[in-house]
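Before any comments, here is the structure.
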Amino acid sequence: MGSPAQANGVKLSDIRDHLHKSLFRPMVVRLTSGRQHRVSHPDYLFVPPVGDSFLIVSPEGSFHHIDANQVEEIEVMKGRKKAA
């Protein structure tokens, strides 16, 4: 069996773990090509239980099939501060 898909320290399991956190935070997935995809809600991200790729759905409804080896960085967006 091969090793988990990983590029630049980002593993598919890292993406899967973030998706299943009880408090999901929006994130930006940056690819080695320079493209980036914002995931604002877990409904826009599908990580299958097997394989080394995943899907991101844009707000307009288009699908982006991404191989985990293309992922350069995952940036988890910080939560908003509540007004005093």
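Computed from the coordinates by the stated procedures, all read-outs in this text should not be read as laboratory data. Predicted, not measured: the structure shown is a model, and the values here were computed from it. Cβ placement follows ideal geometry from the backbone for every residue including glycine, while neighbour counts extend to all protein chains displayed.
Within the shell of other residues whose beta carbon sits under 14 angstrom from the beta carbon of PRO48, the net charge comes to -1, with Lys and Arg scored +1 and Asp and Glu -1. PRE reach from ARG16 (point 7 Å along Cα→Cβ): which of the range 25-65 fall under 11 Å by backbone N? Within reach of a label on ARG16, which here means backbone N under 11 Å from a point 7 Å along Cα→Cβ, the range 25-65 contributes 47-53. Placing dummy labels 7 Å off each Cα toward the beta-carbon, the span from ARG35 to LEU55 is 1.6 nm. Taking loop as defined by DSSP and a crowding limit of 15 other beta carbons within 10 Å, which GluC sites (Glu not before Pro) in the range 15-84 fit? Qualifying residues, ordered by number: GLU60. Each residue in LYS11, LYS78 was given a count of other beta-carbon atoms within 10 angstrom of its own, and listing them fewest first yields LYS78, LYS11. Label the range 6-76 by shape, choosing from rounded, prolate and oblate, from the square roots a ≥ b ≥ c of the eigenvalues of the Cα gyration tensor; if a/c is under 1.5 it is rounded, and otherwise prolate applies when a/b is larger than b/c, oblate when it is not. Taking the square roots of the gyration eigenvalues as a ≥ b ≥ c, the range 6-76 is rounded. The modelled label-to-label distance for the pair ASP67/VAL28, using points 7 Å beyond Cα in the direction of Cβ, is 2.5 nm.
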